[in-house]
Amino acid sequence: METREARIGIIGMGYVGLPLALLFSGEGFRVTGFDIAADKVEMLNSGRSYIVRIPPEAIEQARKAGFSATADYGEIASMDAVIICVPTPLDDHREPDLSFVVGTVKSIAPHIHEDQLIVLESTTYPGTTEEIVAPLLESGNPAGLKVTRKPGDRGVHVVFSPEREDPGNDSISRNDIPKVVGGCSTAAVELAAAMYSAIFRRVVQVSSPSVAEMTKLLENIYRCVNIALVNELKQLCMRMGIDIHEVIAAAKTKPFGFQPFYPGPGLGGHCIPIDPFYLSWKAREFDFRTRFIELAGEVNAHMPYFVVEQLAAGLNEHSKPIKGSRILVLGLAYKRDIDDLRESPSLTIIELLRERGAIVEYNDPYFRQVGQGRHYALNMTSTPLDSIGSFDAVVIVTDHSSYDYAAIVRDARLVVDTRNATKGIDSPKIVRC
Ligand SMILES: NC(=O)c1ccc[n+]([C@@H]2O[C@H](COP(=O)([O-])OP(=O)(O)OC[C@H]3O[C@@H](n4cnc5c(N)ncnc54)[C@H](O)[C@@H]3O)[C@@H](O)[C@H]2O)c1
């Protein structure tokens with residue numbers, strides 16, 4: 001690791017894996033990216049990018065430093081370290097879907113070798129690394145390799161290290177985000193610490209993979225619960241005629257014991273709406289109910305419905321029903337200035353409005369077109385903003401910074417603002433919710 005001779009394989013060239021591959025490459029490692037998506041492999045090998053905030057030049061630069069992508073798991077055998085960054089979604093019953101992790105581990109098991117480091121970065125419930133990953137690696141390799149568990153053991157070293165990226169947040173460099181690592185053995189955790197300290201200024205070693213897995217879930221549940229709290233208080237404040245944003249701005253002047261969270265149209269992204277339910281599922285095995293998680297989930301899941309109610313009330317003032325009204329949804333991404341719409345509240349809001357008979361269009365500078373995903377079928381094209389005046393209402397769901405909110409309010413007939421994006425603009429056309 002210190003001499004950068006170690007070869008690093010990263011499995012899953014998505015929002016987590018690709019930036020990580022570029023970071024290691026930038027530090028002088030020869031990196032191989034593995035992905036089952038043939039189009040991604042092809043794009044990377046021809047120096048192209050499919051993630052907006054990663055410019056093609058960054059891929060090209062990494063390629064010059066030896067980076068390449070492949071779908072061939074046989075190449076795992078020539079890696080010294082393998083980092084798994086595949087999806088961990090929920091299934092249709094909102095239970096953990098570990099099929100990507102299991103599929104990956106089964107595919108690499110025949111190719112692993114002694115002293116290799118295998119790290120799982122995908123967010124998951126405590127126990128996954130020790131109860132699923134390690135046994136599958138042991139049972140799947142013909143050489144009978146074992147996972148190291150105590151000092152002196154020979155075999156493959158297995159670690160869990162959660163990803164802590166915050167897409168779109170440029171206030172902190174990735175290297176300054178401490179990296180938590182928990183291994184099946186001391187040797188494993190020390191090896192992982194040596195690897196990650198090439199990138200991260202601080203590596204935090206914990207006593208087991210389960211502690212590292214739980215750390216990630218605590219971080220995300222903390223956000224989920226606090227967002228639910230402000231979403232609930234926002235609804236109360238609206239009834240009481242109090243501006244929740246003014247309250248939060250005042251509360252955050254307290255120099256200790258308070259961290260601001262902001263209300264919105266509901267949760268989005270691959271993490272906060274999903275990860276907490278990995279824990280509530282696992283908790284059932286221990287005959288335990290995670291009531292905070294369930295309550296937060298309930299409050300947050302209701303938010304898109306609340307937005308639609310507020311829109312209906314706004315249209316009512318114009319003597320219009322939702323049915324037949326033309327509605328423009330601003331922003332598909334789940335948060336500002338990113339090109340990721342996974343679990344975005346916009347998708348639910350569009351679906352609810354369509355069910356109620358509205359004619360819905362959207363605008364999002366990051367999505368010129370949108371087709372079908374696992375949970376949605378939009379098949380729409382982004383509507384230019386110059387037609388705003390022809391819509392009965394505009395709903396700001398994502399507060400992209402490229403939008404000119406004063407112009408939007410000026411041109412629209414009715415604006416439902418779920419993000420406080422029109423702060424400071426005084427107009428009777430605005431419904432803030
Ligand atoms: N996106 C984030 O901001 C973020 C932040 C923290 C943690 N995470 C966690 O990181 C993990 C990955 O998330 P992501 O956002 O990068 O997902 P993603 O969907 O962007 O990328 C996953 C990639 O894995 C590939 N893949 C799936 N199965 C594979 C297999 N068997 N072999 C090889 N490649 C395979 C997919 O084709 C895809 O390119 C998840 O567990 C997520 O919860 C994500």
Note to self: Taking θ = phi - 60°, what integer Hz values does the Karplus form 6.51 cos²θ - 1.76 cosθ + 1.60 yield along segment 419-427, in sequence order, with x for Gly and Pro?
What the structure shows: 10, 6, 6, 9, 3, x, 9, 9, 7
Check: Amide H neighbours of residue 146 under 5 Å, counting only residues 5+ apart in sequence or on other chains, H built in-plane at 1.01 Å?
Finding: 156
Notebook entry, point to check: Pairing the Cα long axis of helix 291-317 with the longest principal axis of the chain, what angle in degrees results, from 0 to 90 and rounded to the nearest 10?
Noted result: 30 degrees
Notebook entry, point to check: Put +1 on the Cβ of each Lys and Arg and -1 on the Cβ of each Asp and Glu in segment 350-413; which of 400, 369, 389 then has its Cα farthest toward the positive end of the dipole?
Noted result: 369
Item checked: Backbone HN-Hα couplings from phi across segment 382-392 [Karplus 6.51/-1.76/1.60, Hz, Gly and Pro as x] -> 4, 8, x, 6, 5, 9, 3, x, 8, 9, 6
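Leaving out ligands and nucleic acids, note down the accessible area per residue over the chain with a 1.4 angstrom probe, in whole Å². Show your work: numbers first, answer last.
Numbers: 19810 Å² over 433 residues.
On a per-residue basis, the chain sits at 46 Å².
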Notebook entry, point to check: With charges only on Cβ, +1 for K and R and -1 for D and E, what is the dipole size of segment 1-126 about its Cα centre, in debye, rounded to 20?
Noted result: 340 debye
Item checked: Segments 188-196, 139-147 sorted - mean Cβ within 10 Å per residue, highest first -> 188-196, 139-147
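Heavy atoms only, probe 1.4 angstrom, no DNA, RNA or ligands counted: give me 288, 261 ranked by accessible area, highest first.
On the way: 288 130, 261 15 Å².
Highest to lowest solvent-accessible surface, that is 288, 261.
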Item checked: Given charges at Cβ of Lys, Arg, Asp, Glu: the chain dipole, positive-most of 127, 187, 247 -> 247
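Calculate, in whole percent, how much of the Cα-Cα pair population of segment 231-318 lies beyond 19 Å. All intermediate terms of the calculation are to be shown ahead of the outcome.
Details: 2131 of 3828 pairs.
Above the 19 Å cut-off, segment 231-318 has 56 percent of its Cα pairs.
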Check: So for the chain, taking the charge dipole from beta-carbon charges (+1 Lys/Arg, -1 Asp/Glu), which of 258, 90, 103 sits furthest toward the positive end?
Finding: 258
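Report the charge-dipole magnitude of the chain in Debye, nearest 20, computed about the Cα centre from +1 at each Lys and Arg Cβ and -1 at each Asp and Glu Cβ. Let's see the in-between values first.
Numbers: 45 positive and 55 negative charges, 148 e Å.
Using Cβ point charges on Lys, Arg, Asp and Glu, the chain gives about 700 debye.
Of the heavy-atom accessible surface of segment 309-393 (probe 1.4 angstrom), what whole percent is carbon and sulfur?
45 percent
With all pairs of different alpha carbon atoms counted, what Kirkwood hydrodynamic radius in Å does segment 291-433 show?
Details: mean 1/r = 0.0654 Å⁻¹.
Mean inverse Cα-Cα distance, inverted, gives 15.3 Å.
I'd like to know how segment 353-416 sits against the 2.2 N^0.38 Å rule of thumb: what's its Cα Rg over that expected value? Don't skip to the answer; put the middle values down first.
Working: Rg = 12.4 Å, N = 64, 2.2 N^0.38 = 10.7 Å.
Taking N as the residue count of segment 353-416, the ratio is 1.16.
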Check: In sequence order, what are the phi-derived ³J(HN,Hα) couplings for segment 189-194 according to the Karplus relation 6.51 cos²θ - 1.76 cosθ + 1.60 with θ = phi - 60°, rounded to whole Hz, with x for glycine and proline?
Finding: 5, 5, 5, 5, 5, 5
Item checked: Overall Cα dimensions of segment 56-191 - principal axes, largest extent first, Å -> 44, 42, 29
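With a 1.4 Å probe and every protein chain kept in, tell me what percent of the accessible surface of segment 76-224 is carbon plus sulfur.
Values: 3160 of 5980 Å².
Answer for segment 76-224: carbon and sulfur cover 53 percent of the accessible area.
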Check: Amide H neighbours of residue 95 under 5 Å, counting only residues 5+ apart in sequence or on other chains, H built in-plane at 1.01 Å?
Finding: none
Check: Where a ≥ b ≥ c are the square roots of the eigenvalues of the C-alpha gyration tensor, would you call segment 295-371 rounded, which needs a/c under 1.5, or, failing that, prolate if a/b is larger than b/c, or oblate?
Finding: oblate
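When the Kirkwood radius is taken over all Cα pairs of the chain, what Stokes-Einstein diffusion coefficient follows at 10 °C and 1.306 mPa s, in µm²/s?
68 µm²/s
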Check: Residues with amide H under 5 Å of residue 69's amide H, sequence separation 5 or more or different chain, H placed in the peptide plane at 1.01 Å from N; which?
Finding: 33, 45
Check: About its Cα centre, what dipole magnitude does segment 250-358 give when the only charges are +1 on Lys and Arg Cβ and -1 on Asp and Glu Cβ, stated in debye to the nearest 20?
Finding: 260 debye
Next item on the list: Report residue 211's accessible area, 1.4 Å probe, all protein chains in place, as a number in Å² to the nearest 10.
Entry: 60 Å²
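The values are calculated or read from the model by the stated rules, or taken from the named source; none is laboratory data. As the structure is a computational prediction, the values presented were derived from the model and not from experiment. Don't worry about glycine lacking a Cβ; one is built from the backbone with ideal geometry, like all the others, and counts go over all protein chains shown. To get the accessible areas, we keep the full protein, side chains included, count just its heavy atoms, and leave off ligands, DNA and RNA. Shrake-Rupley method; radii C 1.70, N 1.55, O 1.52, S 1.80 Å.
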